[in-house]
Ligand SMILES: NC(=O)c1ccc[n+]([C@@H]2O[C@H](COP(=O)([O-])OP(=O)(O)OC[C@H]3O[C@@H](n4cnc5c(N)ncnc54)[C@H](OP(=O)(O)O)[C@@H]3O)[C@@H](O)[C@H]2O)c1
C-alpha cells in the first residue's frame, strides 16, 4: 500500500498529514514550542556569569579511565575526571617526562602515568586523546582492547575547498574506521564540546550537549554517565555511523572562527520535543524501529523529564486546525 507522505511547511505552520486532527494540532504546537525556545540571552560578559557550582567532593571511586596522550585535551579532561573521583591512568610515549608528572599531580590522588599499552590494559574505558591524524593507527598499537569502551573524540579528515571553507574528505568518521578494523572493541564517538566546559560546565550558563554514538548501547551508557559527571549533558546518538554527522557539525561550528567573527553560535538541542507523548513516530512516518530498542541505554538527566500531562498543559491553544492542502 502506498503511504501518503506528510507535507510540512514549518514557516506557515501548515500541515498535510493523514492523521487525526488532535495529533495535527499537537505537532504544530510542539514545533511552535521548539522554535520559541532560543538561546538564553547573552546579557553578561563571560566573566560576570554565574560561576560553576563547585562539584561535591567525590566520596567513592567512580571508575578507572585510561587517557592515551598527555596533550591539550588530556590536560583538561584528566584533571576534571580526577576531581570527580575517577582514577586516571595516562598513557604516554614518555611517562617520566616532567610535563607528564605535573599532569599526574593535577589529576587526583590516584592518578598515574605509564606507557600507552600499559594504560589501556589497566582500564575498562580508554580515551584516545591523540591527534586525529594518527588515532586510527594508535588504536592498533594498544594491545588487545577486546570488550573495552574506547572513546574517540577526533574530527573528520578535512581539506580547504576552493571557497576557503573546510570540506570533509571522507564519508566515514574515524570512529567507524576504528570499529571496522577492531570489531571486538566497543568504540564510542563523542563530539567534544570546547574543552573549557570541562573546566567550567556553566561558563555560558547552558550546559553543553555532547552527542554519544556507538554500536553498543551499554557502552554509550557508560560514556554518558562519565560525561554527566563532568557537567555536560549527553545525548544518545545511536550507532557509530552517526559520528559522520558530528564531523559535519564540527565543520559547521568552525565557520564563525574562519569568518573571524567575534561571536560564535549557541545551538540548543531540545531534548524533549514530546512527539512520543501524542503519537508513534515509528508507525506514523514509517521511520523504522531500532533493533536495539530492548537494550536502550539509560542516559542520565539532571531533572526529571516533563510528563506528557505536563506537556499537554504547557502547549499553547492552537485554535482551529490548519486546512489540509
Ligand atoms: N574539543 C576541544 O576543545 C578539543 C581541544 C583539543 C583537542 N581536541 C581533540 O583531542 C584530540 C587530541 O588533541 P590534543 O590537542 O590533545 O593533541 P596534542 O596536544 O597534540 O596531544 C596529543 C598527545 O598524544 C600523544 N601523541 C602525539 N603523537 C602521537 C603518536 N604519533 N602516537 C602516539 N601518541 C601520540 C602525545 O602524548 P605523549 O607525548 O605523552 O605520548 C601528545 O601529547 C584530537 O582529536 C583533537 O581534535 C579537542
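Take the residues of segment 97-115 that are farther than 25 Å from residue 184 by Cβ and either in a loop (DSSP other than H, G, I, E, B) or at pLDDT below 95 (or both): which is farthest from the ligand (Cβ to nearest atom)? The selected residue is 109. Looking at residue 118, is it over 22 Å from the mean Cα position of the chain (by Cα), within 16 Å of the ligand (Cβ to nearest atom) and not in a strand (DSSP E or B)? For residue 118, the condition - over 22 Å from the mean Cα position of the chain (by Cα), within 16 Å of the ligand (Cβ to nearest atom) and not in a strand (DSSP E or B) - is met. Residue-level check: of (1) surrounded by fewer than 21 Cβ atoms within 10 Å (Cβ to Cβ); (2) touching a helix residue (DSSP H, G or I) at 6+ places or on another chain (Cβ under 7 Å); (3) within 30 Å of residue 158 (Cβ to Cβ), residue 106 misses just (3). Evaluating residue 177 against the criteria (1) within 14 Å of the ligand (Cβ to nearest atom); (2) out of contact with any strand residue (DSSP E or B) (no Cβ under 7 Å at 6 or more places or on another chain); (3) touching a residue at least 40 places away in the same chain (Cβ under 8 Å); (4) closer than 23 Å to residue 77 by Cα leaves one unmet condition, (4). Residue 94 passes every criterion in (1) more than 20 Å from residue 174 (Cα to Cα); (2) more than 12 Å from the ligand (Cβ to nearest atom); (3) surrounded by fewer than 15 Cβ atoms within 10 Å (Cβ to Cβ) apart from (2). Listed by first and then second residue, the pairs linking a residue in segment 87-105 that is at positive phi to a residue that is within 7 Å of the ligand (Cβ to nearest atom) and in a loop (DSSP other than H, G, I, E, B), with Cβ atoms under 6 Å apart and 6 or more places separating them unless they lie on different chains, form an empty list. If I ask for residues that are touching a strand residue (DSSP E or B) at 6+ places or on another chain (Cβ under 6 Å), more than 10 Å from the ligand (Cβ to nearest atom) and at pLDDT 95 or above, which ones from segment 141-156 would you list? Within segment 141-156, 148, 149, 150, 151 qualify. Of everything listed in (1) buried (at least 20 other Cβ atoms within 10 Å of the Cβ); (2) more than 14 Å from the chain's Cα centre (by Cα); (3) more than 16 Å from the ligand (Cβ to nearest atom), the single unmet condition for residue 183 is (1).
Residue count for segment 157-166 satisfying the condition of being in contact (Cβ under 8 Å) with a residue 24 or more places away in the chain and away from the ligand (no atom under 16 Å from the Cβ): 2.
Where helices (runs of 4 or more DSSP H) fall entirely within segment 218-299, none has at least 3 residues that are within 20 Å of the chain's Cα centre (by Cα) and loosely packed, with under 13 Cβ neighbours inside 10 Å. Checking the stated criteria, residue 51 turns out not to satisfy the condition of being touching a helix residue (DSSP H, G or I) at 6+ places or on another chain (Cβ under 8 Å), modelled with pLDDT under 95, within 23 Å of residue 194 (Cα to Cα) and in a loop (DSSP other than H, G, I, E, B). Counting the residues of segment 119-133 that are surrounded by 14 or more Cβ atoms within 10 Å (Cβ to Cβ) and out of contact with any strand residue (DSSP E or B) (no Cβ under 7 Å at 6 or more places or on another chain) gives 2.
Looking only at residues of segment 197-206 that are touching a residue at least 60 places away in the same chain (Cβ under 8 Å) and surrounded by fewer than 22 Cβ atoms within 10 Å (Cβ to Cβ), we find that the one that is nearest to the ligand (Cβ to nearest atom) is 199. Scanning segment 186-196 for residues that are farther than 13 Å from residue 233 by Cβ and within 10 Å of the ligand (Cβ to nearest atom) returns 192, 194, 195, 196.
The values are calculated or read from the model by the stated rules, or taken from the named source; none is laboratory data. Being a predicted model, the structure only gives us computed values, none of them experimental. So basically every Cβ, Gly included, is an ideal-geometry build from the backbone, and we count neighbours across all protein chains shown.
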